[in-house]
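**Student:** Quick one: structure below, then a few questions.
The values are calculated or read from the model by the stated rules, or taken from the named source; none is laboratory data. From a predicted model like this one, the values you see are computed outputs, not experimental measurements. No Cβ is skipped: glycine too gets one built from the backbone with ideal geometry, and neighbour counts run over all protein chains shown.
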Amino acid sequence: MIYLDNSSTTRQYDEVTQLMYDVAMNTFGNPSSLHALGYEASNVLKEARERTARCFPAGGEIFFNSGGTEGDNTALVSACRKMKRRGKRIITTAVEHPAILEVCKQLVQDGYIVEKLPVDSTACICTDDLRSALTEDTVIVSVMSVNNEVGTIEPVLACNDIVRAFNEQHGTGILFHTDAVQAFSKLDLRGLPCDMISVSGHKFHGPKGVGALYVKRGTNIGPFVNGGGQESGMRSGTENLPGVAGLGLACEMSCAGLEDKMRRMAEVNDYLRNGLLSELPDVLMNGPEEQGLTYADAGKRCPGVLNLSFLGTRGEVLLHTIEQDGIYVSTGSACHSHKTGDSYVLTAMGRTHKEIEGAIRFSFNEFQTVQDMDFVIDKVTQAVRRFRKLGSFR
Amino acid sequence: MDNNTNNKNLYIVRCGEVALKGMNKPYFERILLERVKGALRVYQDAEAKWKEGLMLVRVTDSDGKAIRRIANVFGVASVSPAVETGRDMDEISQAACEYMMDIVNREGIKTFKVKAKRADKSFLVESPDISRIVGAAILKYCKVLKVDVHKPDCELYVDVRREATYIFRDKIKGFGGLPLGTNGRGLILMSGGIDSPVAAFMMAKRGMTIEAVHFHSYPYTSQRARQKVEDLCRVLAGYMGTIRMYIINLLPIQEQIVMNCPEDETTLLVRRFMMRIAEQVAVRNNCMMLITGEDLGQVASQTAEALVVTDKVVDMPVMRPLIAMDKIDIMDKAREIGTYDLSILPYEDCCTVFLPKHPVTKPKLRNIERSESALDVEALVNAAVDSLEVVDITPQ
């Protein structure tokens, strides 16, 4: 099996699974309980938090939650609620994950104005657009770190600087959030000066249903989920201890030796891309050609993703064809493949219906090798040739 | 009568057309009785028997679904929850009063009307008199009630028979039709759309045992599309028991057609292959006819001319129960039998994969046969039949 759908989800590290099993079996206490079992559990929680925090910028706090969607929801809704007297304007991008865009839709119904920054043909926003979109009644700016469909590294650092400068100039307190779900374990987050960062465990070989929101110290937001006061009152609900422990370990493991891993992943990514482009005509690259390894490489492509349109085919058919050879990919974004209609990200990049229809996203993990890609190149090439010959009439 | 009979609920089941049968009536009655018992197998204590032209069912309705289960049996015209009492007028009145009082307490009705029937003409009181006597007793017993013969809140039926009297109120409609298994075996071409499940249902309702054949075009269609068809069969199995489903990948044939035949004839050529393959499957599995959900003029492959061309390839009769129905009525029927919401899930089926831009609507047999001569029809059909997968779909 060659699993090239790692942007949808990943296989848990065996060590993570083992740790979660151990915690579920042996440390089942409630971290809030006063007795010894509770104390042990709170130690597991503390260790997981420390492990996670080491992968984030210093000077902030980690709040565990149920994943990327909750993190994004919390960031936007809590910021808006806390700053409702400051203004009713949100700035984000046209290519965010639905966890941002759908919340924005709801906030619009509550009277908010949402400004979605457009993207160029590589899904990258333009920092000048942000500059001119900022107003004194803006409460939050949310820009994703890496686009989930095409892998574009957005200019998060520059955007953060622009917001900061605007705040200093106008005495505003606009918050800056980034959805780093696709960036974590690909780019080093430690130098990131954002106010809030959301990540999701299952995108980096951690468990599903658990994630974290990083909040820089001094950032003034309230809770989204209320109740028994867990997570310093920021996210109530008895902690998902096996999940949180698994997340902590997955953070540590996936970020160890990050630079080397990314260099290798970029090599594998390039090898697949060059292989397919040299074997097949009429293949269109979706997203930036050049790969980048850090947040400073804005406008380049994260090595985790390769999105290609095989003109004259249908992505869905290719997907089902190569799955028979044990190769798993996705068309556009997995969160969308059960809905009909074109990917809004590719549409925002100016792709036509025909181009979108033939789009396949390959997304990698740290274990894959150049040798694996030979098989993929072979099978994809065969499938594309077969169906180009046959076609379908529409 | 055993001891716990009184704790069980009593249902009067009326059959529709079975009652019209002549010499064969005992046969149909026996099968219907079996089907009703089969539908109630989930209850440990169900009993059913024929008595004076009525089917009496006694069962402890532990999940509140007994009546629905009975009404869903093909051949059942209507079902009524009833109480049984003796043939003495005082006894009948007393039972009727208690029955009404219960309804008054539960529903707060204000008006009623009694409709009595004397199936046993040797009973000395005539029907209008029974109604009057029972009505008077109820008025005296339930002070809040008034008689309203035009628009009563509740109509109470009193049915005096040779051995007992039955008191009941509602008649829950069944589907009618004939008991399953009294009318041969048919093979439905099941696509996953709205029509074919309805067609299968309608034939089963006339007593036909149903098997299904499904064509897919994996990898042009997905596993979810196939799952959808299995789910549809599962809904149907709720009415007709386990359905055997034959699954065949049509893509090798579609590829040959696309590469060798004119584009505008694709759909029709594919239909002809489906019919041929279905006939082979039917013959091998003792099905005597094919069933399709075709509806005259609905799409290009279902015009009169197209149907003539598709029919030409099979010897077996092809049943098209929806042929003269309007789409909107088919959709209503699909909602009624509970297949509609599944049918509209947006997965590709094999009919939509190689859809020509402008399909022929008035095909000529001669042209179609000429196009087909580019293909090795027999070999393709045999290969398809040999590749079939069998799945038995059991009711939920």
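**Student:** Regarding B:Y157, is this residue outside any loop (DSSP other than H, G, I, E, B), assigned by TED's automatic domain parsing to the domain that holds B:P81 and in contact with an Asp or Glu (Cβ under 7 Å, 6 or more places away or on another chain)?
**Tutor:** Values: outside any loop (DSSP other than H, G, I, E, B): yes; assigned by TED's automatic domain parsing to the domain that holds B:P81: yes; in contact with an Asp or Glu (Cβ under 7 Å, 6 or more places away or on another chain): no.
Criteria not met by B:Y157.
**Student:** Please name all residue pairs, on different chains or six or more residues apart, with Cβ atoms under 8 Å, provided the first residue is in the stretch A:134-146 and is farther than 13 Å from A:L101 by Cα and the second residue is assigned to a strand (DSSP E or B) and basic (K, R).
**Tutor:** Partner pairs satisfying both residue conditions: A:T135/A:R89; A:D137/A:R89; A:T138/A:R89; A:V139/A:R89.
**Student:** Report whether or not B:E263 is farther than 22 Å from B:I328 by Cα and surrounded by fewer than 18 Cβ atoms within 10 Å (Cβ to Cβ).
**Tutor:** Numbers: farther than 22 Å from B:I328 by Cα: yes; surrounded by fewer than 18 Cβ atoms within 10 Å (Cβ to Cβ): yes.
Yes.
**Student:** Let me ask something additional. I'd like to know if the stretch A:242-261 contains one or more residues that are part of a helix (DSSP H, G or I), of a type in the set (K, R) and under 20 Å from the mean Cα position of the chain (by Cα).
**Tutor:** Our first condition is that a residue be part of a helix (DSSP H, G or I); within the stretch A:242-261, this holds for A:242-255, A:258-261.
Among the residues that remain, those that are also of a type in the set (K, R) are: A:261.
In the following step, the residues that additionally are under 20 Å from the mean Cα position of the chain (by Cα) were identified as A:261.
Looking for residues that are part of a helix (DSSP H, G or I), of a type in the set (K, R) and under 20 Å from the mean Cα position of the chain (by Cα), one finds at least one in the stretch A:242-261, hence yes.
**Student:** Criterion first (farther than 27 Å from B:Y246 by Cα, without any contact (Cβ under 8 Å) to a residue 60 or more places away in the chain and part of a loop (DSSP other than H, G, I, E, B)) does B:A374 satisfy it? Explain how you work it out, then say what you get.
**Tutor:** On the way: farther than 27 Å from B:Y246 by Cα: yes; without any contact (Cβ under 8 Å) to a residue 60 or more places away in the chain: no; part of a loop (DSSP other than H, G, I, E, B): yes.
In short, no.
**Student:** Let me ask something else about it. Restricting attention to the stretch B:131-153, which residues are in contact with a strand residue (DSSP E or B) (Cβ under 6 Å, 6 or more places away or on another chain) and more than 20 Å from B:D170 (Cβ to Cβ)?
**Tutor:** Across the stretch B:131-153, the qualifying residue is only B:K146.
**Student:** Look through the stretch B:300-318, keep the residues that are hydrophobic (A, V, I, L, M, F, W, C) and free of Cβ contacts under 8 Å to residues at least 24 places away in the same chain, and return whichever of them is farthest from B:G192 (Cα to Cα).
**Tutor:** At the first step, the residues of the stretch B:300-318 found to be hydrophobic (A, V, I, L, M, F, W, C) are B:300, B:304, B:306-309, B:313-314, B:316, B:318.
After this cut, where a residue has to be free of Cβ contacts under 8 Å to residues at least 24 places away in the same chain as well, the list is B:304, B:307.
Numbers: B:A304: 23, B:L307: 20 Å.
Here the answer is B:A304.
**Student:** Also, quick follow-up: If I ask for residues that are more than 27 Å from A:E149 (Cα to Cα) and in contact with a Ser or Thr (Cβ under 9 Å, 6 or more places away or on another chain), which ones from the stretch A:1-37 would you list?
**Tutor:** Matches in the stretch A:1-37: A:G29, A:N30, A:P31, A:S32, A:S33, A:L37.
**Student:** What's the total number of residues in the stretch B:282-299 that are surrounded by fewer than 19 Cβ atoms within 10 Å (Cβ to Cβ) and either charged (D, E, K, R) or in a helix (DSSP H, G or I) (or both)?
**Tutor:** In the first step, residues of the stretch B:282-299 are kept if they are surrounded by fewer than 19 Cβ atoms within 10 Å (Cβ to Cβ); the result is B:283-286, B:288-289, B:296-299.
Still in the running and either charged (D, E, K, R) or in a helix (DSSP H, G or I) (or both): B:283-284.
Residues meeting the conditions: 2.
**Student:** Over 23 Å from the mean Cα position of the chain (by Cα), modelled with pLDDT under 90 and not β-branched (V, I, T): is that true of B:A119 in this structure?
**Tutor:** Answer is yes for this residue.
**Student:** Check the stretch B:125-146 and report whether any residue there is small (G, A, S), within 25 Å of B:W50 (Cα to Cα) and touching a residue at least 60 places away in the same chain (Cβ under 8 Å). Before the answer, list the steps.
**Tutor:** Residues of the stretch B:125-146 that are small (G, A, S), as a first pass: B:127, B:131, B:135-137.
When the remaining residues are screened for being within 25 Å of B:W50 (Cα to Cα), the result is B:127.
Adding the requirement that they be touching a residue at least 60 places away in the same chain (Cβ under 8 Å) leaves none.
Scanning the stretch B:125-146 turns up no residue that is small (G, A, S), within 25 Å of B:W50 (Cα to Cα) and touching a residue at least 60 places away in the same chain (Cβ under 8 Å).
**Student:** Taking the stretch A:66-87 as the search range and keeping residues that are modelled with pLDDT of 95 or more and assigned to a loop (DSSP other than H, G, I, E, B), which one is farthest from A:T122 (Cα to Cα)?
**Tutor:** A:S66
**Student:** Part of a helix (DSSP H, G or I), within 14 Å of chain A (Cβ to nearest Cβ) and in contact with a Phe, Trp or Tyr (Cβ under 9 Å, 6 or more places away or on another chain): does that describe B:A225? I'd like the intermediate steps shown before the answer.
**Tutor:** Numbers: part of a helix (DSSP H, G or I): yes; within 14 Å of chain A (Cβ to nearest Cβ): yes; in contact with a Phe, Trp or Tyr (Cβ under 9 Å, 6 or more places away or on another chain): yes.
For B:A225, the condition - part of a helix (DSSP H, G or I), within 14 Å of chain A (Cβ to nearest Cβ) and in contact with a Phe, Trp or Tyr (Cβ under 9 Å, 6 or more places away or on another chain) - is met.
**Student:** Considering only the stretch B:366-379, I want to know if a residue exists there that is within 20 Å of B:S191 (Cα to Cα) and either crowded, with 19+ Cβ neighbours inside 10 Å or within 14 Å of chain A (Cβ to nearest Cβ) (or both). Show your work before the answer.
**Tutor:** Step one: filter the stretch B:366-379 for residues within 20 Å of B:S191 (Cα to Cα), giving none.
The answer is no; no qualifying residue exists.
**Student:** Right, something else. Which residue is nearest to A:R85 (Cα to Cα), if the candidates are limited to the stretch A:163-179 and must be in contact with a helix residue (DSSP H, G or I) (Cβ under 7 Å, 6 or more places away or on another chain) and crowded, with 20+ Cβ neighbours inside 10 Å?
**Tutor:** Let us first name the residues in the stretch A:163-179 that are in contact with a helix residue (DSSP H, G or I) (Cβ under 7 Å, 6 or more places away or on another chain), namely A:172-179.
Then keep just the ones that are crowded, with 20+ Cβ neighbours inside 10 Å; that gives A:174-179.
Numbers: A:I174: 12, A:L175: 14, A:F176: 18, A:H177: 19, A:T178: 23, A:D179: 25 Å.
If we take residues in the stretch A:163-179 being in contact with a helix residue (DSSP H, G or I) (Cβ under 7 Å, 6 or more places away or on another chain) and crowded, with 20+ Cβ neighbours inside 10 Å, then A:I174 is nearest to A:R85 (Cα to Cα).
**Student:** Regarding A:A359, is this residue touching a residue at least 24 places away in the same chain (Cβ under 8 Å) and within 14 Å of chain B (Cβ to nearest Cβ)? Spell out the reasoning first.
**Tutor:** Working: touching a residue at least 24 places away in the same chain (Cβ under 8 Å): yes; within 14 Å of chain B (Cβ to nearest Cβ): no.
It is false that A:A359 is touching a residue at least 24 places away in the same chain (Cβ under 8 Å) and within 14 Å of chain B (Cβ to nearest Cβ).
**Student:** May I pose another question? Which residue, of A:Y328, A:Y344, A:Y295, is more than 14 Å from chain B (Cβ to nearest Cβ) and at pLDDT 95 or above? Break it down into steps so the answer makes sense when it comes.
**Tutor:** Working: A:Y328 fails: more than 14 Å from chain B (Cβ to nearest Cβ); A:Y344 fails: at pLDDT 95 or above.
Residue meeting the stated conditions: A:Y295.
**Student:** A further question follows. Quick one: count up the residues across the stretch A:37-57 that are farther than 16 Å from A:G243 by Cβ, part of a helix (DSSP H, G or I) and not hydroxyl-bearing (S, T, Y).
**Tutor:** So the first thing to find is which residues in the stretch A:37-57 are farther than 16 Å from A:G243 by Cβ, and the list is A:37-40, A:43, A:50, A:53-57.
Retained after the next criterion (residues that are part of a helix (DSSP H, G or I)): A:37-40, A:43, A:50, A:53.
With the extra rule that they be not hydroxyl-bearing (S, T, Y), the set shrinks to A:37-38, A:40, A:43, A:50, A:53.
The number of residues fulfilling the criteria is 6.
**Student:** Out of the stretch A:15-38, which residues are surrounded by 15 or more Cβ atoms within 10 Å (Cβ to Cβ), among the hydrophobic types (A, V, I, L, M, F, W, C) and in contact (Cβ under 8 Å) with a residue 12 or more places away in the chain?
**Tutor:** A:V16, A:L19, A:M20, A:V23
**Student:** Let me confirm something: among A:E289, A:E279, A:E267, A:E316, which residue is in contact (Cβ under 8 Å) with a residue 12 or more places away in the chain and either under 15 Å from A:A359 (Cα atoms) or within 19 Å of the chain's Cα centre (by Cα) (or both)?
**Tutor:** On the way: A:E289 fails: either under 15 Å from A:A359 (Cα atoms) or within 19 Å of the chain's Cα centre (by Cα) (or both); A:E279 fails: either under 15 Å from A:A359 (Cα atoms) or within 19 Å of the chain's Cα centre (by Cα) (or both); A:E267 fails: either under 15 Å from A:A359 (Cα atoms) or within 19 Å of the chain's Cα centre (by Cα) (or both).
A:E316 is the lone residue from the list that is in contact (Cβ under 8 Å) with a residue 12 or more places away in the chain and either under 15 Å from A:A359 (Cα atoms) or within 19 Å of the chain's Cα centre (by Cα) (or both).
**Student:** Checking B:M259 against (1) hydrophobic (A, V, I, L, M, F, W, C); (2) away from chain A (no Cβ under 14 Å); (3) without any contact (Cβ under 8 Å) to a residue 60 or more places away in the chain; (4) part of a helix (DSSP H, G or I), only one condition comes out false. Which one?
**Tutor:** Going through (1) hydrophobic (A, V, I, L, M, F, W, C); (2) away from chain A (no Cβ under 14 Å); (3) without any contact (Cβ under 8 Å) to a residue 60 or more places away in the chain; (4) part of a helix (DSSP H, G or I) one by one, B:M259 breaks only (2).
**Student:** A further question follows. Identify, from the list B:P321, B:P356, B:P363, B:P346, the residue that is within 14 Å of chain A (Cβ to nearest Cβ) and either touching a residue at least 60 places away in the same chain (Cβ under 8 Å) or surrounded by 12 or more Cβ atoms within 10 Å (Cβ to Cβ) (or both).
**Tutor:** Working: B:P321 fails: within 14 Å of chain A (Cβ to nearest Cβ); B:P363 fails: within 14 Å of chain A (Cβ to nearest Cβ); B:P346 fails: either touching a residue at least 60 places away in the same chain (Cβ under 8 Å) or surrounded by 12 or more Cβ atoms within 10 Å (Cβ to Cβ) (or both).
Of B:P321, B:P356, B:P363, B:P346, the one residue that is within 14 Å of chain A (Cβ to nearest Cβ) and either touching a residue at least 60 places away in the same chain (Cβ under 8 Å) or surrounded by 12 or more Cβ atoms within 10 Å (Cβ to Cβ) (or both) is B:P356.
**Student:** Here is a further query. Select from the stretch B:193-207 the residues that are surrounded by 24 or more Cβ atoms within 10 Å (Cβ to Cβ) and of a type in the set (A, V, I, L, M) and list them in ascending order.
**Tutor:** Initially, the stretch B:193-207 is screened for residues surrounded by 24 or more Cβ atoms within 10 Å (Cβ to Cβ), giving B:195-201, B:204.
Listed by number, the residues that qualify are B:V198, B:A199, B:A200, B:A204.
**Student:** Here's something else I'd like to know. Pick out the one residue from B:I188, B:I167, B:I210 that is closer than 18 Å to B:L342 by Cα, crowded, with 19+ Cβ neighbours inside 10 Å, away from every other protein chain (no Cβ under 14 Å) and not small (G, A, S).
**Tutor:** Values: B:I167 fails: closer than 18 Å to B:L342 by Cα; B:I210 fails: closer than 18 Å to B:L342 by Cα.
Testing whether each residue is closer than 18 Å to B:L342 by Cα, crowded, with 19+ Cβ neighbours inside 10 Å, away from every other protein chain (no Cβ under 14 Å) and not small (G, A, S) leaves just B:I188.
**Student:** How many residues, within the stretch A:2-14, are farther than 23 Å from A:A180 by Cβ and either modelled with pLDDT under 95 or surrounded by 14 or more Cβ atoms within 10 Å (Cβ to Cβ) (or both)?
**Tutor:** Filtering the stretch A:2-14 for residues farther than 23 Å from A:A180 by Cβ gives A:2, A:14.
Among the residues that remain, those that are also either modelled with pLDDT under 95 or surrounded by 14 or more Cβ atoms within 10 Å (Cβ to Cβ) (or both) are: A:2.
Number of matching residues: 1.
**Student:** Determine which single condition A:G275 fails, assuming it passes every other condition in (1) more than 14 Å from chain B (Cβ to nearest Cβ); (2) outside any helix (DSSP H, G or I).
**Tutor:** Only one criterion in (1) more than 14 Å from chain B (Cβ to nearest Cβ); (2) outside any helix (DSSP H, G or I) is unmet by A:G275, namely (2).
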